[in-house]
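Heads up: the structure comes next, in structure tokens.
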Amino acid sequence: MKQVSNKLITSMISILLAGVVAGCGNGAAVSKTQPSSAPAAVTNVPSAAAAGTPAAAKVDVSKVTLRIGQTGWGNLDAGFKAAQLADTPYKIEFSVFQGGNLQLEAMSANHLDVALTSEIPPIFASQSANGGNFKVIAVQESTTLKQELVIPKGSPIKSVKDLKGKQVAYVSSTTAHYFLLKMLEQNGLAWSDIKPVQLSTADGLGALIGGKVDALASYGNAIISAHQNGATELASAKDILSGNFLIEATPDAIQDPGKHAAIADFLLRLNKFYDWTRANQNKWAEITAQNTNQPVEQALATLKDGEAQRSSKIVPTSDKAIASEQDVADALQVTGSLKEKINVSASWSHAFDDELKKAAK
């Protein structure tokens, strides 16, 4: 396979680490930011969250600091500022990770209060000694585009079936792990029919463009960067994944009155942020492009295509969402990725359902 220079690989990986990663990859936290916060004690939810939560209206959250994880780049910090939603009456520390699995590792060690992941990382994290120290408290419905199995430029591979005996990079315990399993299954192949190579999003991209693997299962800016380097889509996960991205909080944060009120307010601000991006697509595309080293036109197309497929919004937990994650867990168990069947509902909490339902009215 064609080799490329270390300089090019380093450049592409730098773009990836700064870029949008829609799924949940593997890697380390890459930044921490603190948006502005209101300096005084608060007894009412600020106008930015006018839909409001009764809890936040009665609780002093001025001494609360929410430690929030996210994947990809600091779009929430930048987005809250652009949408004038950063005037929180509590402090926020945003930490950016390469993947949801690492967010939940941080949460397990009590370094995060809130995490945003796909359906897959909580399944694996729940098997840890302390149950992962999390509960799923809400669902972010979002696009499943830019979640693909790709092959490098000039590859002779024409179909998923051609991957038998080939080296395929993937990001463990993430959407990429799951949809690669499903793609193989749909094409009559087992996990043992390929040579799986477990890598981070950045290392997977480097391996693909460096000619060290035959294919890559990944998502978000890894896929965008791969296409920029001549890779082509072998299969898309847009009809495999549910589009449910889960929001987790620690039991301590859920039970603490101040943090509970702050989390409820944050969830409402997330919805307001997504509303703002839909109303200001050109502006948000400019901010995204500037922070992820991609053309504005590409960032705008990604935003429009994603919204056309499925608009981003935060919704309460539901039996349907729990059943969706259970289906994923069952599939992982059947393929041997999980040693035994698990009940995912044990990791879910309805503690914020009422606030979200009232805000939606």
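Worth pointing out:
- Qualifying positions in the stretch 179-195 - in contact with a Ser or Thr (Cβ under 9 Å, 6 or more places away or on another chain) and either part of a loop (DSSP other than H, G, I, E, B) or open to solvent by 50 Å² or more (accessible area, probe 1.4 Å) (or both): E185, N187, A190, W191
- Filtered residues of the stretch 213-247 (kept if touching a Gly at 6+ places or on another chain (Cβ under 8 Å), open to solvent by 10 Å² or more (accessible area, probe 1.4 Å) and not in a helix (DSSP H, G or I)): G230
- Members of the stretch 312-340 that are modelled with pLDDT under 95, among the small types (G, A, S) and exposed (fewer than 15 other Cβ atoms within 10 Å of the Cβ): G336
- Failed item in (1) of a type in the set (G, A, S); (2) open to solvent by less than 10 Å² (accessible area, probe 1.4 Å); (3) modelled with pLDDT under 95, with G204 passing the rest: (3)
- Contact map, the stretch 116-141: first residue open to solvent by 30 Å² or more (accessible area, probe 1.4 Å), second residue acidic (D, E) and at pLDDT 95 or above, Cβ cut-off under 7 Å, separation 6 or more or different chains; pairs are K135/E248.
- All conditions but one from (1) under 29 Å from L76 (Cα atoms); (2) open to solvent by 40 Å² or more (accessible area, probe 1.4 Å) apply to D162; the one that does not is (1).
- Tallying residues that are of a type in the set (S, T, Y) and under 16 Å from L163 (Cα atoms) within the stretch 174-217 yields 1.
- So S173, is it assigned to a loop (DSSP other than H, G, I, E, B) and closer than 30 Å to D353 by Cα: yes
- Criterion: closer than 15 Å to E141 by Cα and of a type in the set (D, E) - qualifying residue of E233, E248, E286: E248
- Exactly one residue out of L208, L267 is among the hydrophobic types (A, V, I, L, M, F, W, C) and under 29 Å from L356 (Cβ atoms), and it is L267.
- D203 of a type in the set (D, E) and under 25 Å from the mean Cα position of the chain (by Cα): yes
- Cβ separations smaller than 6 Å between residues 6+ apart or across chains give the following pairs from the stretch 62-79 residues that are over 14 Å from W276 (Cα atoms) to residues that are open to solvent by 30 Å² or more (accessible area, probe 1.4 Å) and modelled with pLDDT of 95 or more: V64/K259; T65/K91; R67/E93.
The values are calculated or read from the model by the stated rules, or taken from the named source; none is laboratory data. Keep in mind that what you see is a predicted model, and the values were worked out from it rather than measured. Cβ: placed from backbone, ideal geometry, glycine included. Neighbour counts: every protein chain shown. Heads up: the accessible areas ignore ligands, DNA and RNA and are worked out on the full protein's heavy atoms, side chains in. Shrake-Rupley method; radii C 1.70, N 1.55, O 1.52, S 1.80 Å.
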